[in-house]
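Reading through the structure tokens given below for one structure.
Readers should treat all values here as calculations from the given coordinates under stated rules, not as data from a laboratory. From a predicted model like this one, the values you see are computed outputs, not experimental measurements. Positions of Cβ are generated from backbone atoms using ideal geometry, with glycine treated the same way; all protein chains shown enter the neighbour counts.
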Amino acid sequence: IPEGGWQFTSAQAQELVVSDGKKPSSKKAKHVAKQGADSKEDGGKSLYSKLLSEAAKEKPMTEEEKKQKFVEELMRLASKILNGLRQHRAAAYFMKPVSVLSFGGETQEQKEKAFNQYLEIVGGKPMDLGTVTERARGGKYDNPLNFRDDMRQIFINCRKFNTDPESIVSKAGEKLSETFETRWKESGIEELWEAGEIRPLIH
């Protein structure tokens, strides 16, 4: 008997057991042991081949794919800033787009006139946190600087339309703007984008 006993499966063991209870012959037992060893070796080769095949499928990224990955990573950081601002108390005034319903007036015509005046004042560039969020989640920003510009547009519009610096909306806009600029600078997103530092962000 080989050291460590015979190496064979239960099915092979049943095949070796004879009806009269006799032990299997040494020759046949050796044959079964060899089959078990061969099967184990084939299994190892199969796994190795599978791993090689999977590794071969992982092609290196193209320059365009690297850029896309880079943008995604930076926008992931930008989204954290955005989500934090959305939780700010001052954000309540800037969550939805300004519309006709945002203005008072006795008639629909008066409301529409006020809305059109608003559009003229902000240079036809209305912006709000809801729109920025929708664009960010939908992958509409092809670089983080466009995200930054949309955020700043919110506060530019606020200053243009709310000329009284003591008004509630004006103060809220300044507070939110200050918070955004601080977090934007701390993130280093703009510097990373301009330097094109992809490697530190892709793992």
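Overview of values
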| quantity | calculated |
| --- | --- |
| Virtual spin-label span in nm between Asn116 and Arg152, 7 Å along Cα→Cβ | 3.2 nm |
| Phi to ³J(HN,Hα) by Karplus 6.51 cos²θ - 1.76 cosθ + 1.60 over region 172-184, Hz, x for Gly, Pro | 5, x, 5, 5, 5, 5, 4, 5, 4, 4, 5, 6, 5 |
| Additional length obtainable on full extension of the chain from Thr107 to Lys69, 0.36 nm per residue less Cα span | 8.6 nm |
| Amide N proximity, region 100-116 versus Lys160 label position 7 Å along Cα-to-Cβ, cut-off under 13 Å | 116 |
| Relative contact order (percent, whole number), region 126-200, Cα cutoff 8 Å, 6+ residue spacing | 28 percent |
| Extension gain (nm, one decimal) between Ser167 and Thr133, 0.36 nm per residue minus Cα-Cα | 9.6 nm |
